Amino acid sequence: RAPVAVGHRPGDRVGPPSRRRHDRPETRRRCDTSGALDLAAAAARARPAVDLYDLSDTLTEYSTAWEWQRAILDLRLRHLARDDADDAMLEEANDDDDAPLGSRDVVLMVQHPPVVTLGTGSTSANLKFDPDAPGAPFPVHRTERGGEATYHGPGQLVIYPIVNLQDGHHRPDLHWYMRSLEDVAVATMESLGVAKPGRVDGLTGAWANVNVSPPGADDRESHRLGTPDGASAPGDIAGREHKLAAIGVRARRWVTYHGMALNVDPNLSHFRAIVPCGIGDRPVGSVAQMLGGRAGVVSALDDGVTFDRDWGESIDGFDWPGADEALMRAARVAAMDAFERVFRVRLRLRRGAPDVTAVAGDGSGR
């Protein structure tokens, strides 16, 4: 008679003891992520390097930044015009921290003292002052860019990309390029907490409160203020679409210059001196103003205002104390990150201002 296992009845199946999970140390499967990391690093290296000159912690005269743009543009075009035999050298320069100025794309990031610029086809009717008068509030420059009258000043982050749109990474299409700059502005605004950033159909630039109807409004046309009779109170204006970023560009042989201006925390009352971008019936705003829940500036509501006084230090009773430096720093970081993501490039910070003194010489500027 066969022995019966202890604890079992006759007829029960007897076999080796079961192996329970707690009888052996549990081993976790480890994934080797080195391959994925290598791919990510390779993808990052595949993005073209772009030289970034961030001078936005100080004020740069508009004429100086304009000269830099044109000089870098000339250098960039010289490098791109080289023979195919030099292509290998130019590709190697893409990862060279000491690559000559113009051997790759450049982004300038600045703030300007108060100034007004006009596009090549702008009408002086969008100025509310005589630019030739001794008491003119701001200097005025007529430039090569597209677009109408634009104000620049402290608290505004201005980005001038000198970018080759035919390099295979971008598109030789100025409409695509302008929409991409709008994407940079929208992503920056979103990172900073601005409500409903986006585009407005038929209008260039980046806006806040997009698709948000003000109280009692039924459609998008309610964002347009019909007459400068002062009927719209600041509280009504605050909920409307506000333009925060203006864009005006130019290109030579598909290399761009001029660019985008984002109102981070400027003195908005200065916009009353012009019809911003030729749009007088919609509010101009800033990141700080939107975050503070205040109304922006509607140029059409200030028709007939004079500028022969100490004007521009307050708006709707709110005194402008100067740009919020912490907000400006956050905007710089957000804008750089957005530019890299939208254009799929790597920004490489260069120290100091671009040295364009060699432009007239051998083209080896630093």
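The values are calculated or read from the model by the stated rules, or taken from the named source; none is laboratory data. These numbers come from a predicted model, not from an experiment. Note that each Cβ is placed from the backbone with ideal geometry, even for glycine, and that neighbours are counted across all protein chains shown. Surface areas here come from the heavy atoms of the whole protein model, side chains and all, with no ligands, DNA or RNA. Shrake-Rupley method; radii C 1.70, N 1.55, O 1.52, S 1.80 Å.
Of all residues in segment 141-173, those satisfying the criterion of being under 22 Å from Val115 (Cα atoms) and touching a Pro at 6+ places or on another chain (Cβ under 9 Å) are Glu148, Ala149, Thr150, Tyr151, His152, Gly153, Pro154, Gly155, Gln156.
Between Asp319, Asp229, Asp310, the distinction of being at pLDDT 65 or above, over 19 Å from the mean Cα position of the chain (by Cα), surrounded by fewer than 16 Cβ atoms within 10 Å (Cβ to Cβ) and over 30 Å from Val106 (Cα atoms) belongs to Asp319 only. Of the strands (runs of 3 or more DSSP E) lying entirely inside segment 108-166, those carrying at least 1 residues that are of a type outside the set (Asp, Glu) and open to solvent by less than 30 Å² (accessible area, probe 1.4 Å) are 115-118, 150-152, 156-162.
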